[in-house]
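The values are calculated or read from the model by the stated rules, or taken from the named source; none is laboratory data. Remember, predicted model here, so these are calculated numbers, not experimental data. With ideal geometry, Cβ positions are generated from the backbone for all residues, glycine too; neighbour counts draw on all protein chains shown.
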Amino acid sequence: MKIEWTDDLITGVPEMDEQHKQLIALLNEFYEAVERGEREEGIRRLFDGVDRYTVFHFSAEEAFMEQIGYPELASHRETHAIFRREYLAAMERHEAGDRKAARDLIAFLFSWLYTHIQKTDKRYAAFYHRGAAQN
Ligand SMILES: [Fe+2]
């Protein structure tokens, strides 16, 4: 089960929409590598790519929220940090030999990202669009 980009993920902030698309593409590559039983180095390399891009995206998103004066920045930032801790821990379980960990990790990444964009990211987008409409 790959995740597809759908219109209900659109925030209307073009830079963030592009980054979300890119993140979904990287997650799908990671998923496919796990599904086809790619060797450990390949899995690790793709995971590192997902992690690097996630860190880049979260800091871009946090900078954007700061720039627009978004009042819920602190809790949003915390949500990002918790997410990263959780997926790094899941990757450690995978590397420690837990055979279910990679699939659990992917299921977690997919469902978290989807819900996060739809619910949490759309809140800063709504705030931004309200402000943009007033100016
Ligand atoms: Fe976010």
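Assorted remarks:
- Within segment 40-82, the set of residues being of a type outside the set (A, V, I, L, M), crowded, with 17+ Cβ neighbours inside 10 Å, under 21 Å from GLU92 (Cα atoms) and touching a residue at least 24 places away in the same chain (Cβ under 8 Å) comprises PHE47, THR54.
- Segment 1-10: number of residues that are in contact (Cβ under 8 Å) with a residue 60 or more places away in the chain and either within 14 Å of the chain's Cα centre (by Cα) or not in a loop (DSSP other than H, G, I, E, B) (or both): 3
- For ARG103: the one exception among (1) of a type in the set (Lys, Arg); (2) in contact with a helix residue (DSSP H, G or I) (Cβ under 9 Å, 6 or more places away or on another chain); (3) at pLDDT 95 or above: (3)
- Of residues in segment 89-100 being under 26 Å from GLU4 (Cβ atoms) and modelled with pLDDT of 90 or more, the one farthest from the ligand (Cβ to nearest atom): HIS94
- Only residues that are surrounded by fewer than 14 Cβ atoms within 10 Å (Cβ to Cβ) and away from the ligand (no atom under 13 Å from the Cβ) were counted in segment 108-126, giving 2.
- Within segment 11-39, considering residues that are in a loop (DSSP other than H, G, I, E, B) and touching a helix residue (DSSP H, G or I) at 6+ places or on another chain (Cβ under 6 Å), the one surrounded by the fewest Cβ atoms within 10 Å (Cβ to Cβ): GLY12
- Hey, THR6 at pLDDT below 95 and either loosely packed, with under 12 Cβ neighbours inside 10 Å or more than 29 Å from ALA133 (Cβ to Cβ) (or both) or not: yes
- Any hit, segment 88-110, residues being under 24 Å from GLY12 (Cα atoms) and either touching a residue at least 24 places away in the same chain (Cβ under 8 Å) or under 19 Å from the mean Cα position of the chain (by Cα) (or both): yes
- Residue within segment 52-73 that is away from the ligand (no atom under 15 Å from the Cβ) and either modelled with pLDDT under 95 or part of a helix (DSSP H, G or I) (or both) present: yes
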